[in-house]
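Colleague: Take a look at this one; I'll ask things after.
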Amino acid sequence: MTEKRRQFSPQFKAEAVQMVVSPDRSTADVARELEINAGTLTNWVDAWRKKNPDPATATNPVEAARVAEMESEIRRLRMENEFLKKSPYN
C-alpha cells in the first residue's frame, strides 16, 4: 500500500524557513513543532540560503512567497483581461 505524500504550500514553506532563519532556533525544534521531517525543512532552508547568500540583502521568505503569489495572480488577471478584450460582445 502506498502512502500519500503531504503537500505544503509555498506560504507554509516560507513561514517554516522564516522560523529557522530569523530567530536562533534549530531546524529540529521547528520541524518538531510543525510536525514535519527535519530533513525536509533543512532542504527548504538550504534552498532559501542558496537563493539569498548575503543575509544583509536577503528577502524575507514570507514576503518572497507573497510576492510570487501576487505575480502569479497578476499574470492570470492579465490573461483574463486580454481574453475579455477579444470578446465580440464588448
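Just so you know, all these numbers are worked out from the coordinates, no wet-lab data involved. No experiment lies behind these values; they were computed from the predicted model shown. When we count neighbours, we look across all protein chains shown, and the Cβ atoms used for this are built from the backbone with ideal geometry, even at glycine.
Colleague: Counting only other residues whose beta carbon sits under 15 Å from that of residue 27, what net charge do I get with K and R as +1, D and E as -1? Spell out each step's value before the answer.
Modeller: Working: positive: 13, 25, 32, 49; negative: 15, 24, 29, 33, 35, 46.
Neighbour charge sum, excluding residue 27 itself: -2.
Colleague: What percent does the relative contact order of the chain come to when contacts are Cα pairs within less than 8 Å and at least six residues apart? Intermediate results must be reported in sequence, preceding the final value.
Modeller: Values: 41 pairs, mean separation 26.2, N = 90.
Over the chain, the number comes to 29 percent.
Colleague: Determine the dipole magnitude for the chain: charges of +1 sit on the beta-carbon of Lys and Arg, -1 on that of Asp and Glu, nothing else is charged, the reference point is the Cα centre, and the result goes in debye to the nearest 20.
Modeller: On the way: 15 positive and 14 negative charges, 86 e Å.
It works out to roughly 420 debye.
Colleague: How big is the Rg/Rh ratio for the chain, C-alpha atoms only, Rh by Kirkwood, two decimals?
Modeller: A ratio of 1.18.
Colleague: Cut-off is 10 Å between beta-carbons; in what order do 79, 19 appear when sorted fewest neighbours first?
Modeller: Working: 79 10, 19 20.
Going from least to most buried by this count: 79, 19.
Colleague: For a footprinting-style exposure proxy, rank 42, 2 by other Cβ within 10 Å, fewest first.
Modeller: On the way: 42 14, 2 4.
Ascending Cβ contact count within 10 Å gives the list 2, 42.
Colleague: To continue, here is another question. How long is the gain from residue 5 to residue 75 if the chain were fully straight, where each residue apart is worth 0.36 nm and the alpha carbon distance is subtracted?
Modeller: Taking residue 5 through residue 75 to full extension adds about 22.3 nm, to one decimal.
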